[in-house]
Structures are given as structure tokens and as C-alpha cells.
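Asks: Before anything else, here's the structure in question.
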Amino acid sequence: MKIISLVAILSGLILFPLPLMALHDSNQKIELVEITTAAGDKVKVIYCAPQTIDKIPARKRNTMPVVIYNHGLIVQKKGYQGAKKAGYDVADFVRELARNGFIGLAPLRPDRPLPLNDIMAAALKSLPDQTQANRSKIGLIGFSYGGLLTLRAALTFTNLGAVVLMSPALTGQRNDPGLKEIYDHLDKLTVPVMVTLGVSDPPRIKNHVQQILIPHLQKQIKGLELKVDYPGNHAWFWQVRPEYWPDIIAFLGRHLPR
């Protein structure tokens with residue numbers, strides 16, 4: 001496992017390792033981990049563990065739940081630094097997961113097709129040994145295009161405990177290319193699911209989520225939670241906000257073992 005500082009990737013000039021950098025909270029240290037998938041693809045993952053992990057007896061550390069955050073398309077297109085300049089810092093979500101007692105991971109997907117399941121599996125294997133993370137039930141959060149990818153991946157991802165779809169970028173009709181496969185196999189998704197939307201999300205997303213996705217999930221998922229009236233637009237979810245983040249943390253806390 002190769003660990004480099006987050007400063008290095010922000011500049012895009014990774015010449016040599018630098019000391020780890022903490023963002024906003026000196027006790028929540030962000031690490032950048034370079035992983036290799038089973039197919040040999042290199043992907044960078046932002047990682048943060050709760051600050052108290054060093055104080056937890058080793059025999060109890062395997063109770064630390066893991067949550068993977070899958071970012072929106074802007075990060076894939078503009079890169080980490082470009083998205084951050086636009087106001088969307090993926091590291092904030094990983095840090096806040098750790099601050100709330102979860103081991104947080106956020107793969108930085110490259111702008112080329114790679115199976116998300118392969119990326120997430122490799123990310124889990126990359127966790128430092130000392131964390132002894134609980135891999136029995138993994139939480140997934142997917143925002144926008146990351147929500148679409150998360151939903152598709154969740155149909156076959158093993159050891160899944162809970163899924164959060166934040167304004168998932170599902171648009172069009174149920175039988176459209178890329179969606180038919182999801183809906184034809186939605187019965188494979190049996191874990192609790194939370195869906196969020198902003199009142200000013202794009203109509204194409206709101207219409208599909210409310211008229212197609214949610215009715216399908218209501219037939220399939222017993223632990224379905226809906227929060228579809230948050231006071232913001234799509235980009236509003238680029239930042240961790242007190243209006244919605246506590247709801248997501250509470251949902252994850254109810255369904256992931258500690």
C-alpha cells in the first residue's frame with residue numbers, strides 16, 4: 001500500500017512523499033492511498049479513520065464500521081483539485097465520516113470506465129492493518145453520478161450493510177440503456193436504503209427518482225428512508241451541511257454494527 005500526502009495530489013505534481021496534512025480538524029488526518037485493482041488499474045483513495053482509533057484496544061478495533069463515499073461526476077471530469085476549486089471537496093465527507101465514528105474511504109475515480117465494485121474491493125483491502133476494520137457490513141454513499149454507480153454496484157457488492165443515494169443522477173425511462181439492467185435486478189438489493197433530494201434538484205433527476213426509482217424501492221426495500229425536501233439544489237450537496245448530514249449519519253449508525 002502506497003500512502004502519499006493529500007497536498008501532493010492537489011498540486012498534481014507527485015514528486016515525493018510529504019507529511020500528512022489535516023484538513024479543518026487537526027485530529028482528523030486525511031491520507032491518500034494509492035490502490036491497485038484486481039485488473040491492475042491504479043486508483044487513489046482518500047482515507048480517514050476516527051481520531052480515537054489509537055485509544056481503542058486492538059481486540060475491539062474490528063468493530064469500526066467502514067463507509068465508502070462515491071463522488072459526483074465533476075470530480076471524475078475535473079479531478080480532485082478542479083472540483084475543490086468549484087466548491088466540492090471530497091475530503092470533507094471522508095473527514096466528517098471519521099469524526100462521526102466511521103472509517104471513511106473515497107475512491108477518486110479516473111475519467112475512464114472502471115468497475116466500481118473492483119475499485120471498492122481494492123480500497124477495502126488497502127485499509128491499514130492497525131485499523132482492523134469491521135468488513136462484515138459496509139456502508140455506501142453515492143452522490144449524483146456516484147449515486148447511479150453506487151446503486152448499480154450495490155446489486156452485487158458483498159458484505160453490504162446500508163446504502164445512501166444522495167440526489168442520484170438517474171434520468172430518463174426505466175428501460176433506457178444503463179437503467180434497465182439496474183431495475184431488472186433490483187430485487188438483489190435487500191439492505192436498508194436512504195434516498196435524498198433537494199427541492200431545487202434538476203427536474204430530470206427529481207422526476208426519475210420520485211416517479212420511478214422510489215416506487216421500485218418501496219416494493220423491494222423494507223428499510224427505505226426518504227428525505228426528498230432538503231432546501232437546496234444539486235450543487236448544495238457538494239458540501240457537508242447540518243441540514244442533511246446528521247440524517248445520513250443517524251441512518252448509517254442504525255444499520256452498521258459497532
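Asks: Taking T158, is it surrounded by fewer than 18 Cβ atoms within 10 Å (Cβ to Cβ), polar (S, T, N, Q) and either at pLDDT 95 or above or more than 16 Å from the chain's Cα centre (by Cα) (or both)?
Replies: In short, no.
Asks: Being over 19 Å from S144 (Cβ atoms), out of contact with any Cys (no Cβ under 8 Å at 6 or more places or on another chain), at pLDDT below 95 and β-branched (V, I, T): is that true of I249 here? Break it down stepwise before answering.
Replies: Numbers: over 19 Å from S144 (Cβ atoms): yes; out of contact with any Cys (no Cβ under 8 Å at 6 or more places or on another chain): yes; at pLDDT below 95: no; β-branched (V, I, T): yes.
In short, no.
Asks: Something else now. Can you tell me which residues in the stretch 184-205 are at pLDDT below 95 and either among the hydroxyl-bearing types (S, T, Y) or in contact with a Cys (Cβ under 7 Å, 6 or more places away or on another chain) (or both)?
Replies: Correct list: T190 only.
Asks: So, in the stretch 210-228, how many residues would count as being under 21 Å from E243 (Cβ atoms) and either modelled with pLDDT under 95 or in contact with a Gly (Cβ under 9 Å, 6 or more places away or on another chain) (or both)?
Replies: Filtering the stretch 210-228 for residues under 21 Å from E243 (Cβ atoms) gives 210, 214, 224-228.
Then keep just the ones that are either modelled with pLDDT under 95 or in contact with a Gly (Cβ under 9 Å, 6 or more places away or on another chain) (or both); that gives 228.
Number satisfying all stated conditions: 1.
Asks: Something else now. Those residues that are β-branched (V, I, T), in contact with a Ser or Thr (Cβ under 9 Å, 6 or more places away or on another chain) and surrounded by fewer than 18 Cβ atoms within 10 Å (Cβ to Cβ), I need them from the stretch 78-136; list them, please.
Replies: None; the set is empty.
Asks: Report those helices (runs of 4 or more DSSP H) wholly inside the stretch 194-258 carrying at least 2 residues which are aliphatic (A, V, I, L, M).
Replies: 214-220, 245-255
Asks: Could you tell me whether P107 is of a type outside the set (D, E, K, R) and at pLDDT below 95? Give the steps one after another, and end with the answer.
Replies: On the way: of a type outside the set (D, E, K, R): yes; at pLDDT below 95: no.
The answer is no for P107.
Asks: Which residue pairs have Cβ atoms closer than 8 Å, lie 6 or more positions apart in sequence or on different chains, and pair a first residue in the stretch 186-203 that is more than 22 Å from L256 (Cβ to Cβ) with a second residue that is outside any helix (DSSP H, G or I) and hydroxyl-bearing (S, T, Y)?
Replies: Close Cβ pairs (under 8 Å, with a partner that is outside any helix (DSSP H, G or I) and hydroxyl-bearing (S, T, Y)) amount to L197/S167; L197/Y230; G198/S167; G198/Y230; V199/Y230; D201/S167.
Asks: Pairs, please: C-beta under 6 Å, at least 6 apart or cross-chain, first residue touching a residue at least 24 places away in the same chain (Cβ under 8 Å) and in the stretch 81-95, second outside any loop (DSSP other than H, G, I, E, B) and of a type in the set (F, W, Y)?
Replies: Matching pairs, first to second residue: G87/W238; Y88/W238; F93/Y69.
Asks: Okay, moving on. In the stretch 90-107, which residues are assigned to a helix (DSSP H, G or I) and within 21 Å of A162 (Cβ to Cβ)?
Replies: Listed by number, the residues that qualify are V90, D92, F93, V94, R95, E96, L97, A98, R99.
Asks: Mind counting the residues in the stretch 69-89 that are part of a helix (DSSP H, G or I) and closer than 20 Å to I249 by Cβ?
Replies: 0
Asks: Which residue, of K219, K227, is of a type in the set (K, R), over 14 Å from G142 (Cβ atoms) and in contact with a helix residue (DSSP H, G or I) (Cβ under 8 Å, 6 or more places away or on another chain)?
Replies: K227
Asks: Hey, another quick one. So which residues in the stretch 108-167 are over 19 Å from V94 (Cα atoms), part of a loop (DSSP other than H, G, I, E, B) and of a type in the set (S, T, Y)?
Replies: Across the stretch 108-167, the qualifying residues are T156, T158.
Asks: Another question about this same structure. Are any residues in the stretch 190-231 under 20 Å from the mean Cα position of the chain (by Cα) and loosely packed, with under 15 Cβ neighbours inside 10 Å, and if so, which ones?
Replies: T190, G223, L224
Asks: Between L256, L179, which is without any contact (Cβ under 8 Å) to a residue 24 or more places away in the chain, surrounded by 17 or more Cβ atoms within 10 Å (Cβ to Cβ) and out of contact with any helix residue (DSSP H, G or I) (no Cβ under 8 Å at 6 or more places or on another chain)?
Replies: After applying the criteria, what remains is L179.
Asks: Name the residue that is modelled with the lowest pLDDT, counting only residues in the stretch 30-80 that are in contact with a strand residue (DSSP E or B) (Cβ under 8 Å, 6 or more places away or on another chain) and of a type in the set (S, T, Y).
Replies: T63
The values are calculated or read from the model by the stated rules, or taken from the named source; none is laboratory data. The shown structure was predicted, so the numbers you read here are calculated from the model rather than taken from an experiment. So basically every Cβ, Gly included, is an ideal-geometry build from the backbone, and we count neighbours across all protein chains shown.
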